[in-house]
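Participant: Before I ask anything, let me first share the structure, which is written out below as structure tokens.
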Amino acid sequence: MTATLLNEAELKEQVIMALKSVYDPEIPVDVYELGLIYDIKIFPVNNVYVLMTLTSPSCPSAGEIPGEIEQKVRDVPGVNDVSVELTFDPPYTSDMMSEVAKLELGFM
């Protein structure tokens, strides 16, 4: 079985698309547009590292969202392994949202 190898930029774009399919259950905007994803790194052999936060440390979905992110990224063709790290430094603020998210939520 031969898999098509994506270059790092293509794989990162596919990972971003996967992240855009994960939503905070309480907010109708995906985690990427919300600004919850701080960093995405692609390491050799297509190992993906995602550094993320939540809207608050007491977020009721804290147990679900990182696992869903890991699964969605793992499902991207060509991804070998996934590591999701949760941080609250810097703390999340609504300023981290994309313009798309701000429009969707009525911040603009």
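Here, each number is a calculation from the coordinates, and none is a lab measurement. Bear in mind that the values here come from a model prediction, so they are computed numbers and not experimental data. For neighbour counting, all protein chains shown are included, and Cβ atoms are generated from backbone atoms with ideal geometry for every residue, glycine included.
Participant: Quick one: plug the Kirkwood hydrodynamic radius of region 8-99 (C-alpha pairs) into Stokes-Einstein at 25 °C, 0.890 mPa s, and report D in µm²/s.
Facilitator: 186 µm²/s
Participant: How high is the relative contact order of the chain, in percent, with contacts defined as C-alpha pairs under 8 Å that are six or more residues apart?
Facilitator: Computed over the chain, the figure is 30 percent.
Participant: Out of residues 5 or more away from VAL84 or on other chains, whose amide H comes under 5 Å of its own, with H placed 1.01 Å from N in the peptide plane?
Facilitator: VAL50
Participant: Here's a follow-up. Provide the per-residue ³J(HN,Hα) series for region 68-83, in order, calculated from phi with Karplus coefficients 6.51, -1.76, 1.60 and θ = phi - 60°, each as a whole number of Hz, with x at glycine and proline positions.
Facilitator: The phi angles translate into 5, 4, 4, 5, 5, 5, 4, 6, 5, x, x, 6, 8, 9, 10, 10 Hz.
Participant: Here is a follow-up. Per-residue counts of other Cβ atoms within 10 Å, averaged by peptide: what ranking do you get for 56-62, 74-80, 46-52, highest first?
Facilitator: Values: 56-62: 12.1, 74-80: 14.0, 46-52: 18.6.
In decreasing order of mean packing, 56-62, 74-80, 46-52 become 46-52, 74-80, 56-62.
Participant: Something else now. Tell me the label-point distance for the pair LEU105, SER61, using the 7 Å Cα-to-Cβ offset, in nm and rounded to one decimal.
Facilitator: Using points 7 Å along Cα→Cβ, the separation is 1.1 nm.
Participant: Length gain on complete extension for the stretch LEU86 to GLU26, per 0.36 nm per residue less the alpha carbon to alpha carbon distance?
Facilitator: Gain in length upon complete extension: 19.7 nm.
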